[in-house]
Amino acid sequence: MISYKEKRKQFSQEAQKRITERAQEIKNELHILKVVREITGMSQEALAERLEVDQSYISRLERRDNITLATLTNIVRTLGGSIEITIQLPDQEAMKFSHLEALFAYDTQNDYDSP
């Protein structure tokens with residue numbers, strides 16, 4: 001079996017550059033929390049105040065490639081929104097899950113994702 005690195009070496013330098021650029025674009029798109037916060041026009045400081053956490057914590061969360069669904073749901077709820085998830089499986093009808101914020105009500109005794 002050929003590794004990803006070995007396979008990638010088979011591409012031209014230009015193709016490798018395009019792959020790297022697109023991978024970075026996808027990575028940036030995965031920073032959902034930052035995108036959602038910016039759309040609302042809320043600053044990191046204002047969000048941190050509402051969540052009763054430090055601004056630096058919001059900054060760290062926004063740079064992560066992966067945060068838990070519970071954390072995302074609680075922050076989106078704090079921003080005044082909600083989350084709906086649609087799961088598509090082969091040969092099955094799509095399953096929609098709404099009002100996830102009710103499942104992940106923020107517990108003030110517990111932190112969000114660990115830093």
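The values are calculated or read from the model by the stated rules, or taken from the named source; none is laboratory data. Predicted model, so just to flag it, every value in this text is computed and none were measured. Quick reminder, even Gly has a Cβ in these numbers, built from the backbone with ideal geometry, and neighbours come from all protein chains shown.
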All conditions in (1) modelled with pLDDT of 90 or more; (2) within 25 Å of GLU25 (Cβ to Cβ) are true of SER56 except (2)
Against the conditions (1) at pLDDT below 90; (2) surrounded by fewer than 17 Cβ atoms within 10 Å (Cβ to Cβ), where does LEU100 fall short? Just the number, please.
(2)
Could you list, in sequence order, the residues of segment 50-75 that are of a type in the set (Asp, Glu) and surrounded by 14 or more Cβ atoms within 10 Å (Cβ to Cβ)?
GLU62
Residue under evaluation GLU45, criteria (1) within 28 Å of GLN24 (Cβ to Cβ); (2) modelled with pLDDT under 90, criterion not met
(2)
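For (1) closer than 17 Å to GLY81 by Cβ; (2) free of Cβ contacts under 8 Å to residues at least 60 places away in the same chain; (3) surrounded by 13 or more Cβ atoms within 10 Å (Cβ to Cβ); (4) touching a His at 6+ places or on another chain (Cβ under 9 Å), each residue gets a yes or a no:
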| position | (1), (2), (3), (4) |
| --- | --- |
| LYS7 | no, yes, no, no |
| PHE11 | no, yes, no, no |
| GLU14 | no, yes, no, no |
| GLU25 | no, yes, no, no |
| HIS31 | yes, yes, yes, no |
| ILE39 | yes, yes, no, no |
| SER43 | yes, yes, yes, no |
| LEU47 | yes, yes, yes, no |
